[in-house]
Ligand SMILES: [Fe+2]
Ligand SMILES: [Fe+2]
């Protein structure tokens with residue numbers, strides 16, 4: 001087993017312990033999200049010859065602040081991650097790099113401020129998790145049902161795609177982006193056709209009634 005993988009059960013255990021007392025669990029940032037972000041991050045980190053030990057800790061602890069009911073949660077997550085890393089005996093010289101990447105992963109930090117590869121990878125892998133089949137499910141659940149139109153969702157997705165910081169992330173996320181984009185494009189077309197049919201029917205009704 002590659003040495004960094006020893007942190008997966010350790011950090012999972014800490015994460016589970018943290019969630020038990022967290023005041024406001026965010027369902028879309030739970031362990032399944034963390035695991036998916038980790039798979040993408042591990043791939044990207046390997047491509048960029050990064051330190052997987054830094055990467056795994058960055059990913060596993062990046063959303064702690066989300067479960068405190070905070071939308072802007074990068075800095076809070078970093079603050080909550082520090083004592084956990086110290087407690088589990090994570091290499092102390094790597095802790096500041098982990099905390100920097102976690103602290104800068106939400107949308108309030110501009111891309112230029114994400115200078116380390118870990119900050120860039122985490123940001124991109126987090127965005128890629130909103131693509132693919134899971135992305136379809138998340139966008140239906142959180143945006144479509146709350147009144148956003150397919151066109152608005154497509155615009156959001158395009159912004160996410162354009163905001164990816166690494167060319168490698170575009171390669172890794174391309175297929176998943178196509179899946180979610182195609183789904184909402186189809187939905188948009190269907191809705192447009194439906195609206196057009198309705199309008200035509202209304203016009204015919206008015207003509208029949210002589211108005
Ligand atoms: Fe986050
Ligand atoms: Fe996340």
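Worth a mention:
- Only residues that are under 15 Å from residue 169 (Cα atoms) and within 13 Å of ligand 2 (Cβ to nearest atom) were counted across the stretch 120-136, and they come to 10.
For (1) surrounded by 20 or more Cβ atoms within 10 Å (Cβ to Cβ); (2) touching a helix residue (DSSP H, G or I) at 6+ places or on another chain (Cβ under 7 Å), each residue gets a yes or a no:
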residue	(1), (2)
129	yes, yes
132	no, yes
148	no, no
152	no, no
159	no, no
200	no, no
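- Unique match (being within 16 Å of ligand 2 (Cβ to nearest atom), surrounded by 15 or more Cβ atoms within 10 Å (Cβ to Cβ) and modelled with pLDDT under 95) among 62, 139, 105: 139
- Some residue of the stretch 111-118 being within 16 Å of ligand 2 (Cβ to nearest atom) and buried (at least 19 other Cβ atoms within 10 Å of the Cβ): yes
- Selection status of residue 12, away from ligand 1 (no atom under 16 Å from the Cβ) and either under 20 Å from residue 123 (Cα atoms) or assigned to a loop (DSSP other than H, G, I, E, B) (or both): no
- All of 50, 89 fail the test of being away from ligand 2 (no atom under 15 Å from the Cβ), surrounded by 16 or more Cβ atoms within 10 Å (Cβ to Cβ) and in a loop (DSSP other than H, G, I, E, B), apart from 50.
- Unique residue being touching a residue at least 40 places away in the same chain (Cβ under 8 Å), outside any loop (DSSP other than H, G, I, E, B) and not assigned by TED's automatic domain parsing to the domain that holds residue 38 when the list is 134, 153, 121, 140: 134
- Scanning the stretch 16-29 for residues that are within 18 Å of the chain's Cα centre (by Cα) and within 21 Å of residue 83 (Cβ to Cβ), we see that the one that is surrounded by the most Cβ atoms within 10 Å (Cβ to Cβ) is 29.
The values are calculated or read from the model by the stated rules, or taken from the named source; none is laboratory data. In this text, all values refer to a predicted model and were calculated from it rather than measured experimentally. Note that each Cβ is placed from the backbone with ideal geometry, even for glycine, and that neighbours are counted across all protein chains shown.
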